[in-house]
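Asks: Can you keep this structure in mind? I'll have questions shortly.
The values are calculated or read from the model by the stated rules, or taken from the named source; none is laboratory data. Quick caveat: nothing in here was measured; it's all calculated off a predicted structure. A quick note on method: Cβ atoms are made from the backbone with ideal geometry, for glycine too, and the neighbour counts reach across all protein chains shown.
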């Protein structure tokens, strides 16, 4: 009985740190985080390569501000809906200044 409970507990703990993609692949949170960092770097590099500089895609400011990569569909939502691949999909990212990023996040808060 104790072995069964221990196995169930270990399984539950392992599942807490893993999420699924839409094709059923099970991905560890640490892998998702690493892929997200790479995708953000790629988004900034792609924008720089295309335009020669980085800028906010919302207000178009380009100098004197910090730029972030913002998810259109949040990492949390992607994980909860078993579409974790959206977390590292460059097409799900937008380059935004901190002000526009905060505004985006505030507008996308969910209540309930």
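Asks: On the given criteria, is residue 83 crowded, with 16+ Cβ neighbours inside 10 Å, under 15 Å from residue 33 (Cα atoms) and more than 9 Å from the chain's Cα centre (by Cα)?
Replies: yes
Asks: Moving on. Quick one: would you say residue 24 is assigned to a loop (DSSP other than H, G, I, E, B), under 21 Å from residue 87 (Cα atoms) and modelled with pLDDT under 95?
Replies: Against the criterion (assigned to a loop (DSSP other than H, G, I, E, B), under 21 Å from residue 87 (Cα atoms) and modelled with pLDDT under 95), residue 24 qualifies.
Asks: Only residues that are without any contact (Cβ under 8 Å) to a residue 60 or more places away in the chain, more than 12 Å from residue 58 (Cβ to Cβ) and in contact with a strand residue (DSSP E or B) (Cβ under 8 Å, 6 or more places away or on another chain): list them for the stretch 73-102, please.
Replies: Result: 78, 86, 87, 92, 93.
Asks: State yes or no: is residue 95 more than 17 Å from the chain's Cα centre (by Cα) and either more than 22 Å from residue 33 (Cβ to Cβ) or at pLDDT 95 or above (or both)?
Replies: no
Asks: I need a count of the residues in the stretch 36-72 that are part of a helix (DSSP H, G or I), out of contact with any strand residue (DSSP E or B) (no Cβ under 8 Å at 6 or more places or on another chain) and surrounded by 13 or more Cβ atoms within 10 Å (Cβ to Cβ).
Replies: Summing the residues that are part of a helix (DSSP H, G or I), out of contact with any strand residue (DSSP E or B) (no Cβ under 8 Å at 6 or more places or on another chain) and surrounded by 13 or more Cβ atoms within 10 Å (Cβ to Cβ) in the stretch 36-72 gives 4.
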